[in-house]
Amino acid sequence: MSISIKTPDEIDKMRTSGKLAADVLDMIGPHVRAGISTDELDKLCHEYIVNELKCIPAPLNYHGFPKSICTSINNVVCHGIPSDKLLKKGDIINIDITVIKDGYHGDTSKMFIVGKSSVKSQRICRVAQECMYIGIEQVKPGIRLGKIGRAIGTHAEKNNCSVVRDYCGHGIGLDFHAAPQVIHYDDGKVDNSPILEEGMTFTIEPMINLGDYQVATSKVDGWTVTTKDRSLSAQWEHTILVTDEGYEILTLREEESIL
Ligand code: MF3
Ligand code: CO
Ligand code: CO
């Protein structure tokens, strides 16, 4: 599968979708508090995406996914389904937003800590965010895609955390998930991985566990991915454009612009 190179017109559309996805995370932030259900978070995001942003929430009905956002709490690695479960003090939650505007996708997620956080929960959220940024910093034309995962894996290991292997980042554009697969650890195939070119767009979205890297998918709902050892897991995601000199973060939020 070849990796699509976006035209300037497509890049403009990706910038718009990315910005709108980032706006949803900014909107939902103040609502992420103890006592709210993930269904309510889903409803707030759905209505904002559809009515305010005039976008389509990409997860809804995607391969049968039943909701408009993913909400992954504590030992849930990814693809958590919003439900009537209430957030409680000390929970960590990833909210993953994907919107479609004008056919193009913007995909981004971040961690929220509910109420007072423990040292453990702060640590896993911080290490996962650092892993994402370290991965992003590798991006420039001419490098091997695998360098991203190698850099992420090294940072996770240094912090005694593990990188989930069963899920990866992905090319994105007209399709939600396209080539290439963006692996977040060193799979030993860096030198055979694709060479990045200006105009490629893909996500970097490392899932980092406090314990072992192994995960399992719920047999009940077919979606919810949890750590096998029940340890905490955290994930951050941005949609990235390869530029002539390096990268542009298409889903950057105001709170990050000091970086
Ligand atoms: N947003 C997720 C990603 O980063 C994918 C969610 S697929 C869904 O790739 F069906 F679970 F929504
Ligand atoms: Co993604
Ligand atoms: Co996502």
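Values as computed for the structure displayed
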{"read-out": "So GLU130, is it away from ligand 3 (no atom under 16 Å from the Cβ), part of a helix (DSSP H, G or I) and surrounded by 16 or more Cβ atoms within 10 Å (Cβ to Cβ)", "value": "yes"}
{"read-out": "Enumerated strands (runs of 3 or more DSSP E) restricted to the stretch 1-112, each holding at least 3 residues that are within 16 Å of ligand 1 (Cβ to nearest atom) and of a type in the set (Asp, Glu)", "value": "none"}
{"read-out": "Some residue of the stretch 160-167 being out of contact with any strand residue (DSSP E or B) (no Cβ under 9 Å at 6 or more places or on another chain) and either at pLDDT 95 or above or surrounded by fewer than 17 Cβ atoms within 10 Å (Cβ to Cβ) (or both)", "value": "yes"}
{"read-out": "Meets criteria (under 24 Å from GLU248 (Cβ atoms), in contact with a Phe, Trp or Tyr (Cβ under 8 Å, 6 or more places away or on another chain) and more than 16 Å from ligand 3 (Cβ to nearest atom)) for VAL139", "value": "yes"}
{"read-out": "Subset tally (residues that are closer than 10 Å to SER72 by Cα, under 10 Å from the mean Cα position of the chain (by Cα) and among the aliphatic types (A, V, I, L, M)) for the stretch 88-106", "value": "1"}
{"read-out": "Residue in the stretch 162-184 that is farthest from ligand 3 (Cβ to nearest atom), counting only those that are part of a strand (DSSP E or B), of a type outside the set (A, V, I, L, M) and closer than 12 Å to ILE5 by Cα", "value": "PRO180"}
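The values are calculated or read from the model by the stated rules, or taken from the named source; none is laboratory data. All values reported here derive from a predicted model rather than from experimental measurement. Glycine also receives a Cβ, built like all others from the backbone with ideal geometry; neighbour counts cover every protein chain displayed.
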